[in-house]
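Asks: Dropping the structure in here first, questions after.
The values are calculated or read from the model by the stated rules, or taken from the named source; none is laboratory data. No experiment lies behind these values; they were computed from the predicted model shown. Because the Cβ atoms are built from the backbone with ideal geometry, glycine has one as well, and the counts that use them run over all protein chains shown. Accessible surface areas use protein heavy atoms only, side chains included; no ligands, DNA or RNA. Shrake-Rupley method; radii C 1.70, N 1.55, O 1.52, S 1.80 Å.
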Amino acid sequence: MTGKPHIVGISGSLRQGSLNTKLLLNAKEYLPQHYTFTLADISQLPHYNQDLEEDMPEAVLKLVELCKSADGFLISSPEYNWSIPGVLKNAFDWLSRQAVGTPLALKPAAIMGGTPGGFGTSRGQLHLREQLFALNLDTVNRPEVLVPQLHLKFDEEGQFTDEMGRKLLEQLMANFVQKVERNRQA
């Protein structure tokens, strides 16, 4: 495959100043310099409704085109009630439809997440992995980046400061880049 590898980031949090979006943006710093990165906007997606597929909403079409252009995905999500946020599940519902050509299928994905609580996103990531399996993504399995007390682990400039967390993030990204490169060569 030619051209620069393009990675799409998807945050499961819509909050301005989202900690998981900050984590995602820190992860992109471990991508090789020749990679391009785009942060997807899932905030404008309507609730999935099959009736809307006849006249596909513009926000859905934009997300689908972005995902079609991607060589891989970085996904960072908080954990809500032991699962993923509804807004992220809604995006996956739209992207899973035959009507849009399932633009995520067979592409590499790396996941991460953090929460202010003490357990990171361990339960939420189990559900996230189930979703990505259903979408036929090629996920990086290790290391798991499940950051507890994420709100305490950024400096004033938004840099992720947790030493162990940074090592895990760097390793996750190295494994992700290997998958992306293998997938591009296949």
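Asks: Can you name the residue in segment 42-67 that is hydrophobic (A, V, I, L, M, F, W, C) and in a helix (DSSP H, G or I) and is also surrounded by the fewest Cβ atoms within 10 Å (Cβ to Cβ) among such residues?
Replies: Restricting attention to segment 42-67, the residues satisfying the condition of being hydrophobic (A, V, I, L, M, F, W, C) are 42, 45, 52, 56, 59-61, 63-64, 66-67.
From the residues that got through so far, the ones that are in a helix (DSSP H, G or I) too are 52, 59-61, 63-64, 66-67.
Details: L52: 14, A59: 16, V60: 21, L61: 12, L63: 23, V64: 20, L66: 17, C67: 22.
Out of the qualifying residues, it is L61.
Asks: Does segment 26-41 hold any residues that are under 25 Å from D93 (Cβ atoms) and part of a helix (DSSP H, G or I), and which are they?
Replies: A27
Asks: State which residue pairs qualify: first residue within 15 Å of S96 (Cβ to Cβ) and of a type in the set (S, T, N, Q) and inside segment 119-136, second residue assigned to a helix (DSSP H, G or I) and at pLDDT 95 or above in any location, beta carbons under 6 Å apart, and separation of 6 or more residues or different chains.
Replies: Filtered contacts from segment 119-136: Q131/F92.
Asks: Mind listing whichever residues of segment 59-74 are without any contact (Cβ under 8 Å) to a residue 40 or more places away in the chain and more than 14 Å from the chain's Cα centre (by Cα)?
Replies: Of everything in segment 59-74, those that are without any contact (Cβ under 8 Å) to a residue 40 or more places away in the chain and more than 14 Å from the chain's Cα centre (by Cα) turn out to be A59, L61, K62, V64, E65, K68.
Asks: Out of T102, T115, T139, T161, which single residue is buried (at least 21 other Cβ atoms within 10 Å of the Cβ) and polar (S, T, N, Q)?
Replies: The match here is T115.
Asks: So how many residues does segment 11-34 have that are under 19 Å from E170 (Cα atoms), among the hydroxyl-bearing types (S, T, Y) and open to solvent by less than 20 Å² (accessible area, probe 1.4 Å)?
Replies: So the answer is 1.
Asks: Further, regarding this structure: Output the residue which, of all residues in segment 131-179 that are farther than 18 Å from L25 by Cα, not aromatic (F, W, Y) and not in a loop (DSSP other than H, G, I, E, B), is farthest from the chain's Cα centre (by Cα).
Replies: Among those residues, the one meeting the criterion is Q178.
A quick yes/no check of all residues on (1) touching a Ser or Thr at 6+ places or on another chain (Cβ under 7 Å); (2) of a type in the set (D, E); (3) under 24 Å from F37 (Cα atoms):
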| site | (1), (2), (3) |
| --- | --- |
| D71 | no, yes, yes |
| P85 | yes, no, yes |
| K89 | no, no, yes |
| S96 | yes, no, yes |
| S122 | no, no, no |
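Asks: I need the full set of residues from segment 75-116 which are under 12 Å from the mean Cα position of the chain (by Cα), outside any helix (DSSP H, G or I) and of a type in the set (A, V, I, L, M), in order please.
Replies: I75, I84, L104, A109, A110, I111, M112
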